[in-house]
Amino acid sequence: MKLKRLISNSVTIIMFLILILFFIAVITSKASGGEPSIFGYQLKTVLSGSMEPDIKTGSIIVVKPGGDMKRFKKGDIITYKTGDDVVVTHRVIKVLKDGNEVSYQTKGDNNKTVDMTPVPSNMVVAEYTGLTIPYLGYLADYTKTKTGSALLLILPGILLVLYSGISIWRTLSQLENKIRKSSDADNIEKPI
């Protein structure tokens, strides 16, 4: 019985912490108008297969923005913006230096050819940390739609109300059982 209660309490705490983290991520991303950010790391959704098999389509990757964007070397994976503000995550295959300027020749691991245009260091926005969460990107992309945003705001509330109702029902059942047992004990005939 104690193990069951411990597991139930642990699951409740974990669900609550996850809900709080998602709430913080959604609020910060909506407030900043950008990608969700947690503890200085950003979450990016991967919508192409250019980096497969290491980074699968539909994954969420964790990147670290900031720092010296001229520090990268061959083999590093960087996230950068293209001229039309599309965000891309590819591997550096060559570092190009021209005086004080640094740019990177990049290529997707799954692409046959290198990217046509070298990436200037001022277009690099983050470095890939190596952490990937497969398939969660599909859900994250869906939450950017009106229906997805509504579900993201409403569904946790509904789940909390349902969980609270179940908890209240269980507590009332346990209380009824205690009262019934107490009543049964009082009704037992006592010898005179």
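Here are a few things to note about the model shown:
- Long pairs among K81/K107; K64/K94; K73/K94, criterion Cα-Cα beyond 18 Å: K64/K94
- For the chain, alpha-carbon Rg relative to the globular expectation (2.2 N^0.38 Å, N residues): 1.62
- When the chain is treated as a Gaussian network with alpha carbon springs shorter than 10 Å, the biggest mean-square fluctuation among G58, G130, G165 belongs to G165.
- Electrostatic bookkeeping for L151 treats Lys and Arg as +1 and Asp and Glu as -1; over the other residues with beta carbon under 14 Å from its beta carbon, the sum is +1.
- For the chain, a crude dipole built from +1 on the beta carbon of Lys and Arg and -1 on the beta carbon of Asp and Glu, taken about the Cα centre, is about 440 debye to the nearest 20.
- Long-range Cα-Cα pairs in segment 41-92 (distance over 12 Å), rounded percent: 69 percent
- Inter-label distance for I158 and N110, nm, one decimal - labels placed 7 Å from Cα along Cα-to-Cβ: 3.3 nm
- Label separation (K64 vs V87): 1.8 nm, computed from points 7 Å beyond Cα along the C-beta direction.
- When Rg and the Kirkwood radius Rh are both evaluated on Cα atoms of segment 36-135, their ratio Rg/Rh stands at 0.95.
- In straight-distance terms, cross-link reach from K144 covers every one of the lysines whose alpha-carbon lies under 19 Å from its own, apart from those fewer than eight places away in the same chain; here that gives K30, K44.
- FRET efficiency for the pair E176 and F16, taken as 1/(1 + (r/R0)^6) with r the Cβ-Cβ distance and R0 = 22 Å, rounds to 0.20.
- For V95, net neighbour charge (Lys/Arg +1, Asp/Glu -1) across residues whose Cβ lies under 15 Å away: +2
- Helical runs assigned H by DSSP (4 residues or longer) give the chain a calculated mean residue ellipticity at 222 nm of -14500 deg cm²/dmol, each run adding -39500 (n - 2.57) before division by the residue total.
- Segment 36-135, relative contact order [Cα under 8 Å, separation at least 6], %: 32 percent
- Packing, as the average of other Cβ atoms within 10 Å across residues, places the peptides 144-150, 48-54 in the order 48-54, 144-150, highest first.
- Relative to the current alpha-carbon distance between I7 and D184, full extension at 0.36 nm per residue lengthens the span by 60.6 nm.
- Taking every C-alpha pair closer than 8 Å and separated by at least 6 residues, the mean separation divided by the residue count of the chain gives a relative contact order of 18 percent.
- Protection proxy ranking, peptides 153-161, 63-71, average beta carbon neighbours within 10 Å, highest first: 63-71, 153-161
No value in this document is a laboratory result; all are computed from the given coordinates. Quantities reported herein were computed from a predicted structural model and do not represent experimental measurements. All Cβ positions, glycine included, derive from the backbone under ideal geometry; neighbour counts span all protein chains shown.
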